[in-house]
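Colleague: My structure is below; once you've seen it, I'll send some questions.
The values are calculated or read from the model by the stated rules, or taken from the named source; none is laboratory data. If you're wondering where the values come from, they're calculated on a predicted model, not measured in any experiment. Here Cβ is always computed from backbone atoms with ideal geometry, including for glycine, and neighbour counts include all displayed protein chains.
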Ligand code: PAF
């Protein structure tokens, strides 16, 4: 496994591999890897000749009062895990390597960056799309792999790729959960014992929505209000949003039609930790 900190060096290496006609896959991450990330790496490795993983805690996607400074980091452990997965190239740039001292260019997928997560994190998605486009330009993979856990992020990246004619396929893989159902996230490490218990209300809320849906409930507002009511019973939980959107357009849904797919999306603060989770509601389940 080769580790690069410099853009020019990883580029040179990848240019050579492209000349050899290798298929290149890419998994962008912010490190502090867990099974969710590793499931993406395994998929990338299995479906390509060369698997590239980036580790970069991107300052641009954190708001001024967010957790950039305390975001968990453990490069040594990350590299060990990636080595075990037979990852081929790892890119770990510094903020200076990525942005230099006079960075001016931003990419924004306008409408979709302002709703849901964007209402609570107004600059977040612009930071994500800017760094992801830069990473795409550096790595130039055949395909890139993202997790469904960040469903809105995956949707926005697909939209950017479509709008800007970027020749990269985007694959989105299912959420990986802890044994009790909590969606894996690097931020779960912030939770104390009581918060960890109450954090399960997101998954249980999802299960409640799935039960209502499978029993025939098609009124989105009814499902949302039951989930909200359930989560509100947890004293450490503060709901940012619970919404149901059409999976293909991210438009809010009122009635759930047969044959269509929807995301139930949740963002809930447990103490000081903001967690997101989601599920796909469809009749084919
Ligand atoms: O999902 C993440 O970890 C980040 O948003 C990403 C895609 C690596 C961009 O910094």
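Colleague: Sort out which residues of the range 56-85 are outside any helix (DSSP H, G or I) and either touching a helix residue (DSSP H, G or I) at 6+ places or on another chain (Cβ under 6 Å) or under 18 Å from residue 117 (Cα atoms) (or both), and write them in order of number.
Modeller: The answer is 58, 62, 63, 64, 65, 66, 67, 68, 72, 85.
Yes or no, residue by residue, for (1) in a helix (DSSP H, G or I); (2) over 20 Å from residue 145 (Cβ atoms); (3) away from the ligand (no atom under 16 Å from the Cβ):
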| position | (1), (2), (3) |
| --- | --- |
| 8 | yes, yes, yes |
| 12 | yes, yes, yes |
| 17 | yes, no, yes |
| 22 | no, no, yes |
| 33 | no, no, no |
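Colleague: With respect to residue 183, determine if the residue is more than 16 Å from the ligand (Cβ to nearest atom) and either modelled with pLDDT under 95 or surrounded by 14 or more Cβ atoms within 10 Å (Cβ to Cβ) (or both). First the steps, then the outcome.
Modeller: Values: more than 16 Å from the ligand (Cβ to nearest atom): no; either modelled with pLDDT under 95 or surrounded by 14 or more Cβ atoms within 10 Å (Cβ to Cβ) (or both): yes.
Here the answer is no, as residue 183 does not meet what is asked.
Colleague: Hey, another quick one. Suppose we filter the range 47-57 for residues that are in contact (Cβ under 8 Å) with a residue 60 or more places away in the chain and either surrounded by fewer than 22 Cβ atoms within 10 Å (Cβ to Cβ) or more than 9 Å from the ligand (Cβ to nearest atom) (or both); how many remain?
Modeller: Let us first name the residues in the range 47-57 that are in contact (Cβ under 8 Å) with a residue 60 or more places away in the chain, namely 47-48, 52, 54, 56.
When the remaining residues are screened for being either surrounded by fewer than 22 Cβ atoms within 10 Å (Cβ to Cβ) or more than 9 Å from the ligand (Cβ to nearest atom) (or both), the result is 47-48, 52, 56.
Counting residues in the range 47-57 that are in contact (Cβ under 8 Å) with a residue 60 or more places away in the chain and either surrounded by fewer than 22 Cβ atoms within 10 Å (Cβ to Cβ) or more than 9 Å from the ligand (Cβ to nearest atom) (or both) gives 4.
Colleague: Could you run through the range 245-271 and say how many residues are in a loop (DSSP other than H, G, I, E, B), in contact with a helix residue (DSSP H, G or I) (Cβ under 7 Å, 6 or more places away or on another chain) and farther than 18 Å from residue 158 by Cβ?
Modeller: Selection size over the range 245-271: 4.
Colleague: Among the residues that make up the range 118-125, is at least one of them within 19 Å of the chain's Cα centre (by Cα), within 12 Å of the ligand (Cβ to nearest atom) and not in a loop (DSSP other than H, G, I, E, B)?
Modeller: Yes, the conditions are met somewhere in the range 118-125.
Colleague: A follow-up question, please. Hey, can you tell me all the residues within the range 126-144 that are more than 10 Å from the ligand (Cβ to nearest atom) and touching a strand residue (DSSP E or B) at 6+ places or on another chain (Cβ under 8 Å)?
Modeller: Correct list: 136, 138, 139, 140, 141, 142, 143.
Colleague: Out of curiosity, is residue 107 crowded, with 18+ Cβ neighbours inside 10 Å, in a loop (DSSP other than H, G, I, E, B) and either at pLDDT below 95 or within 14 Å of the ligand (Cβ to nearest atom) (or both)?
Modeller: Criteria met by residue 107.
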